[in-house]
Amino acid sequence: MGSGTVAVIGAGVVGMATARALQRAGREVIVLDGEDPGRKTSFGNAGFIAIDHVLPLCRPEVLRRVPRMLMDRDGPLTVHLPSLPWLLPWMARFAFAARNSEVKKGTDAFGVLMAEANAAWKSEIQASGLGELFRSRGALYVYETDDGFAAGARERSLQLAKGTVMEIVSGDRAREIAPGLSPRIVKGVFYPHGMHTVDPWHVVTALAERFTAEGGRIEKAMVCGFDTQGERVTAVRTAGPPMPVSDVVICAGRASGEITRLLGFRAPLVAERGYHVMLEPTNVRFELPVSPAERGFFITPMREGLRLAGTVELGAPDRPASWHRAELLKKHMQDIFPGVGGAETSRWMGERPSLPDFRPAIGRAPRHRNVYCGYGHQHVGLTLATATGRLIARLMEGEALPAAMAGCDPGRFG
Ligand SMILES: Cc1cc2nc3c(=O)[nH]c(=O)nc-3n(C[C@H](O)[C@H](O)[C@H](O)COP(=O)(O)OP(=O)(O)OC[C@H]3O[C@@H](n4cnc5c(N)ncnc54)[C@H](O)[C@@H]3O)c2cc1C
């Protein structure tokens, strides 16, 4: 391992997990963020360690659904129509990346990442004392139609090929696993190794506390520039004096593109919006995340109540929130678990940092030898945070990444 200070830009779940991995590898680490840790997208996710996620969202069958998405404001995946001109370049890249050869690059990379994800979380849970915040109760996807179940066949066969353990269950068995499920559920897929957190925000704050307790520094500052010398960044610029660094890791979520631009390469990220609604945990008799797959969201029992989280809305940044999509989650809940969940206690909107090929950028930056990347984790940033941190720490130690990680090369957008 080298010496000198590593600056990690961004204190979301990816930045804090990376900071912890580097700290354990013996580096002096400073985390820079204009916000308190975990206040952006990492705050309100569904809490699921989604190791079943081996197929990128960008694929031919999703591409074929785009015209319908443009018309359907209430579907699980929708496009904000007025944003269309802004979105077009991103959508063109999305279409390009939906070719089978590109999808394969994604499945190969996810194979590596998901194989590492659970183990990486388990060791972080131990190292940072996070046991209270996690549960290993499995996860259940449920289907209301045989067609909906059949549509997931390709993903399931890929999961099996990558070693994911699953059990296909009848509607009745699904109702035993998650009491209260509606009779409309005809099938389910149970993932016995599924794990979830009961408080995603506190996972980040607990990582931050442990990081500082073990000598790490967190500074409330936005990064706005860099000093460079040849192929190296020598200092990070914030509103304060330049901060000399030996290495930099970019983990700034959906704002990472603004930082990569300063370093001469592209990260065409969109903010893929999702919502959560917290309900009082009235009549909740299940302990695992349940996803009504055809409706594209999760129902997760959490410390503070029942969280309904998900749906996808693509659009330009800085537009107003579409709260009707949060309302929709509550309506879905009553269809799937009638009579379960009480009054709403809070609601939230989050912006998943999504690259058009739905593969994160993990690895060395193209132009500067001491800049590393960990962003673009879209729907699986919680899942992949600790695996990302471990891979970046290994890379800094001089190890090469597995060949399949080439699909996540940060320089692939030029
Ligand atoms: C509704 C919803 C449900 C989800 N469910 C799940 C799930 O169940 N499982 C899962 O794995 N994932 C889930 N996700 C996705 C997951 O939440 C994200 O992928 C993850 O939080 C991204 O983490 P991050 O650290 O990259 O970004 P963020 O949490 O957004 O953190 C980035 C940080 O960088 C900081 N920053 C930005 N610019 C600068 C700068 N110039 N200088 C310094 N700091 C800067 C920001 O202030 C921010 O704190 C869900 C997302 C949503 C929206």
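Here the range 5-413 is treated with +1 on each Lys and Arg Cβ and -1 on each Asp and Glu Cβ, and its dipole about the Cα centre works out to around 680 debye. Per-residue Karplus couplings for the range 286-296, computed as 6.51 cos²θ - 1.76 cosθ + 1.60 with θ equal to phi - 60°, are listed in order as 10, 10, 10, x, 10, 10, x, 4, 6, 9, x Hz, Gly and Pro entered as x. Couplings 3J(HN,Hα) of the range 46-60, computed from phi: 7, x, 8, 7, 8, 6, 6, 7, 10, 10, x, 4, 7, 7, x Hz, in residue order, whole Hz [Karplus 6.51 cos²θ - 1.76 cosθ + 1.60, θ = phi - 60°; x for Gly and Pro].
So for the chain, taking the charge dipole from beta-carbon charges (+1 Lys/Arg, -1 Asp/Glu), which of 207, 130, 355 sits furthest toward the positive end? The one lying farthest along the dipole's positive direction is 355.
Most tightly packed first, judged by the mean number of other beta-carbon atoms within 10 Å of their residues, the peptides 399-411, 358-370 read 358-370, 399-411. The H on the amide N of residue 365, modeled in the peptide plane, is under 5 Å from the matching H of 371, 372, 373, each at least 5 residues off or on a different chain.
Each of the peptides 81-91, 3-13, 214-224 was scored by the mean count of other Cβ atoms within 10 Å over its residues; in descending order, highest first, they stand as 3-13, 214-224, 81-91. Total Lys pairs in the range 5-413 closer than 30 Å by alpha-carbon, pairs eight or more apart in sequence or interchain only? The result is 15. In the range 71-121 the Cα-Cα distances spread across 5 Å bins starting at 0 as 4, 16, 14, 15, 16, 16, 13, 6, 1 percent of all pairs.
Reported to the nearest whole Å, the Cα centre-to-centre distance from the range 1-44 to the range 307-339 is 30.
Of all beta bridges that DSSP places with both ends in the range 5-413, some 70 percent have antiparallel geometry. Our summary of shape: the Cα atoms of the range 170-258 have principal axis extents of 64, 30, 21 Å, ordered from largest down, in whole angstrom. Calculated [222 nm] ellipticity per residue, helices only, for the chain: -10000 deg cm²/dmol; basis is -39500 (n - 2.57) per DSSP H run with n ≥ 4, divided by all residues, nearest 500.
Over the chain, the hull volume per residue, using the convex hull of the C-alpha atoms, is 129 Å³.
Choose one of 151, 95, 238: the residue whose Cα lies farthest towards the positive end of the charge dipole of the chain (beta-carbon charges +1 Lys, Arg; -1 Asp, Glu; about the Cα centre). With unit charges placed on the Cβ atoms, the residue in question is 95.
Bear in mind these aren't lab numbers, they're just calculated from the coordinates by the rules spelled out. Here the structure is a predicted model, which is why all the values come from computation and not from measurement. Virtual Cβ from ideal backbone geometry, glycine too; neighbours counted across all protein chains shown.
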